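Reviewing the structure listed below.
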Amino acid sequence: MYTQYIDVFEIGFMHNRIALFRAERGVSRRELAEAVGVNNQTIGYLERGDYKPSLELALKIARFFGVNVELIFSLTPFQSIAATLNRAGEEQ
C-alpha cells in the first residue's frame, strides 16, 4: 500500500469533484470563485486538473459546499457515481 502512495505523489495529479458539486448545487464557476476569493478562471483550471489548489483554497471550497475536503479532493481517482450507486444497492 505504501508503494501506491509513492506512485501517486510522483504523478502529481490531484483529482476533484468541484464540477459535480457545482452542478448538484446549481452554482456557477463565477459564484464559487467569488465565494472563495479567486478568479473564475481558477475554478476552471482546478476542475480540469490544470492547477492544484493550495490547502487554504481547498478548505475554502469544501467549506463553501459544507463537506469534508476529502469529498471534493483526492490524490487517487474517485470511483464513478454509477459504481458508487451500484455498491450502495448491493449493501442494502
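Whole number please: convex hull volume per residue of the Cα set in segment 32-92, in Å³? Working shown, then result.
Details: hull volume 6.2 nm³, N = 61.
For segment 32-92, the hull spanned by Cα atoms encloses 102 Å³ per residue.
If you stretched the chain out fully between K52 and E24, how much longer would it get, using 0.36 nm times the residue separation minus the C-alpha to C-alpha distance? Provide the component values of the computation, followed by the final result.
Numbers: separation 28, 0.36 × 28 = 10.08 nm, distance 2.21 nm.
Full extension of this stretch gives 7.9 nm more.
Can you tell me how much longer the chain between N68 and M14 gets when fully stretched, taken as 0.36 nm per residue apart minus their C-alpha distance, in nm with one decimal?
17.9 nm
Bear in mind these aren't lab numbers, they're just calculated from the coordinates by the rules spelled out. Note that this is a predicted model, so its numbers are computed, not measured.
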